[in-house]
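Notes follow the structure.
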Amino acid sequence: MGTAASPRCFVLAGPSGVGKGTVIARLCQELPGVFDFSVSHTTRAPRPGECDGREYHFLTTEQFQKDRVAGRFLETATVHGQWYGTSWEAIERVRRTGRICILDIDVQGVRSVRAAGLPALVVFLMPPSMTELERRLRGRGTEDEARIQCRLKTAAREVSVARGEPTLFDAIIENHCLEETCLRIRTLLDTDIAQVRDLTNTRPHRTDRPSE
Ligand SMILES: Nc1ncnc2c1ncn2[C@@H]1O[C@H](COP(=O)(O)OP(=O)(O)OP(=O)(O)O)[C@@H](O)[C@H]1O
């Protein structure tokens, strides 16, 4: 019968420490083979064993800047003096495999996704409270005090954008209970998950005749 449409991307935004990575890891574990990540571009040098196009697409700084100016990236960031970016092409590559491309991006990235008209389910993950967010950030133990304070400030801005501009998102989910959050996301992605299964699992096989 007809060809199944490509599933949408799944965009998860929300403050640092709210649990985006945790939710994504759990969804990937619950639904193996359904999600995938785009391969990012970077100007940093490949480490031993890294392969161009697998861990990253490795670019010179000059080429990266050209691509950036040409609008080839959904978002870019500098970390320790090196550029990193998610290209529209890398996202398309995942979409062509028939899987749901996961994008863990900030609110500015969400605006780019909307402006570009990328088919996506966009969810903002809301902390139950700022106190709980601080508890999670501290509990993770990966940031020093200055970074925690900086993340909490940015978090307050992001939460107020989500509250003030809720139409930017398809859903705002308070990440109180991990199981419930994942269940809600799975429900929102119901049709897309079915499309992945149509596109990736079904080799034509006949059930209307004996097998030998
Ligand atoms: N629903 C939840 N209830 C309690 N703790 C949670 C929940 N979700 C995540 N956590 C915990 O909160 C901490 C931060 O989670 P995580 O690292 O996934 O956040 P993040 O949003 O991906 O942060 P970043 O953007 O900085 O990568 C982790 O220690 C994680 O175990």
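Taken together, the values in this text are just the output of simple stated rules run on the coordinates, not laboratory data. All values reported here derive from a predicted model rather than from experimental measurement. Methodologically, a virtual Cβ is constructed for each residue, glycine included, from the backbone with ideal geometry; neighbour enumeration extends over all protein chains shown.
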Say each of Ala5 and Cys28 gets a label point 7 Å from the Cα, pointing the same way as Cα to Cβ; how far apart are those two points in nm? 2.7
Taking only the Cα atoms of the chain, how large is their convex hull per residue, in Å³? 175
What angle do you read, to the nearest 10 degrees and between 0 and 90, between the alpha-carbon axis of helix 178-188 and the longest principal axis of the chain? 50
For the Cα atoms of the chain, what angle does the longest principal axis make with the long axis of helix 107-116, in degrees from 0 to 90, nearest 10? 40
Please state the shape class of segment 55-135: rounded when a/c is under 1.5, otherwise prolate if a/b exceeds b/c and oblate if not, all from the C-alpha gyration tensor. oblate
Taking the convex hull of the Cα atoms, report for segment 38-97 its projected area averaged over all directions, in nm². 4.1
Give the long-range amide H neighbours of Ser40: residues separated by 5 or more places, or on another chain, with amide H under 5 Å away, using H modelled in the peptide plane at 1.01 Å from N. His57
